[in-house]
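This report concerns only the one structure given below.
Rule-based calculations on the coordinates, nothing more; no lab input. Predicted model only: the values in this text are computed from it and were never measured. Ideal geometry is used to build each Cβ from the backbone, glycine not excepted, and the neighbour counts take in all protein chains shown.
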Amino acid sequence: MGDAALGVREVVAKEQPSKAQRGTVKKASVRPAKTVSGKRKKAVAPARVVPAKPSFGQLAGLHQTHDPLDLRSSVALVMDQDTEEILLAKNDDAVLPIASITKLMTALVVTEARLPLDEVLTVTQDDVDTEKGSRSRLQVGTRLTRGEMLHLALMSSENRAAHALGRYYPGGMNAFVEAMNAKAQLLGMRDTRYVEPTGLSSRNQSSAQDLARLVKIAYNEPLIRELSTSESTTVRVGRREAAFGTTNGLVRSPNWDIGLQKTGYISEAGQCLVMQAQLAGRRLVLVFLDSAGKYSRIGDAERVRKWLVGESRKDS
């Protein structure tokens, strides 16, 4: 593991956000102002200001690393899928939270177990997010097949679907998480650790090098390729039909030929994206972690695409 990875762990341990950084702001004392008639108007307390929580990469200073493409991601890796030649690397050995990129391993464990895709799974209170309090359109009691749950987890990053997939694994959640970590070790992902199947926990961590290995292996599963690059689907939630769409707009772009993808975000991880794509006549694996800004991971992917296409034209 490189110095960057060690630096992240040291900073995270020693430089956790202060009380002020976490957004603890005392309410201001507001005295009602008098009107022309002499009566006092009802005071309105100022809005509570909550600063954005810094990511682990920001705490470690990884965003200070410069690169030729001026990427907004503090971690990036572009690798030739066939030759494993590294075309671009930026803090690629740093170990960071990976958010919903976790779901790619969740899908790999489920598909390799060859569990019946038509088995009906039920969302329960156990699948409700108590880590981040995130919302879900899959209400408690929703019944979907394992295949539908897998589709929503990969395409729409549905947390309750991913959690239900782990809970219904033979042996339960503990056995599922053990299988995730065992698979990571088998693939040589030495910097990777999973504690749950959704990515909501910041303790799910990995490096760009490890995630490139994961993308390459997951690409061998046709079902993961198909579901992760799907644009939309409709499932029955209760008494109505609900439409779900992809979290990655590049899937719909005519400029991209994407064979597999997964997005992710929690505040500790920043915006994350992994993809397998055909660019400039090569099959490539792209990893972007800890990107700053809502659309910055997409912007970084476009910067890489334009760079590679430009380089290809120079060579031709």
Region 76-182: Rg/Rh from Cα coordinates, Kirkwood Rh?
-> 1.04
For region 196-204, in residue order, the Karplus 3J(HN,Hα) values (coefficients 6.51, -1.76, 1.60; θ = phi - 60°; whole Hz; Gly and Pro = x) are 6, x, 9, x, 5, 7, 6, 7, 6
Taking H as built 1.01 Å from N, whose amide H comes closer than 5 Å to the amide H of residue 88, not counting residues under 5 places away?
-> 78
Would you list, by chain and number, the aspartates and glutamates whose Cα falls below 12 Å from the Cα of residue 216, excluding same-chain residues fewer than 8 positions away?
-> 80, 82, 84
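Can you tell me which of 206-213, 225-232 comes out highest on packing, and rank the rest after it, using the mean Cβ neighbours within 10 Å? Kindly include the intermediate steps, with their values, before the conclusion.
Details: 206-213: 25.5, 225-232: 18.1.
Answer by packing, highest mean first, reads 206-213, 225-232.
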About the Cα centre of region 167-210, what is the dipole size in debye to 20, counting +1 per Lys and Arg Cβ and -1 per Asp and Glu Cβ, all else neutral?
-> 40 debye
For a quick protection proxy, order the peptides 280-290, 297-307, 168-178, 139-149 by their average other-Cβ count within 10 Å, most packed first.
-> 280-290, 297-307, 139-149, 168-178
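Suppose every K and R has +1 on its Cβ and every D and E has -1 on its Cβ; what is the size of the dipole of region 149-265 about the Cα centre, in Debye to the nearest 20?
Details: 14 positive and 10 negative charges, 43 e Å.
Here the size comes out at about 200 debye.
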What relative contact order, as a whole-number percentage, does region 55-315 give when Cα pairs under 8 Å and 6 or more residues apart are counted?
-> 26 percent
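Report the full-extension gain for the segment residue 131 to residue 239: residue separation times 0.36 nm, less the Cα-Cα distance, to one decimal in nm.
Working: separation 108, 0.36 × 108 = 38.88 nm, distance 2.86 nm.
Length difference between fully extended and current span is 36.0 nm.
Given 103/314; 53/306; 90/262; 132/306; 262/306, which pairs have Cα atoms separated by over 28 Å? Each step should come with its number before you reach the end.
Values: 103/314 38 Å; 53/306 32 Å; 90/262 20 Å; 132/306 36 Å; 262/306 21 Å.
Checking Cα-Cα distances, 103/314; 53/306; 132/306 exceed 28 Å.
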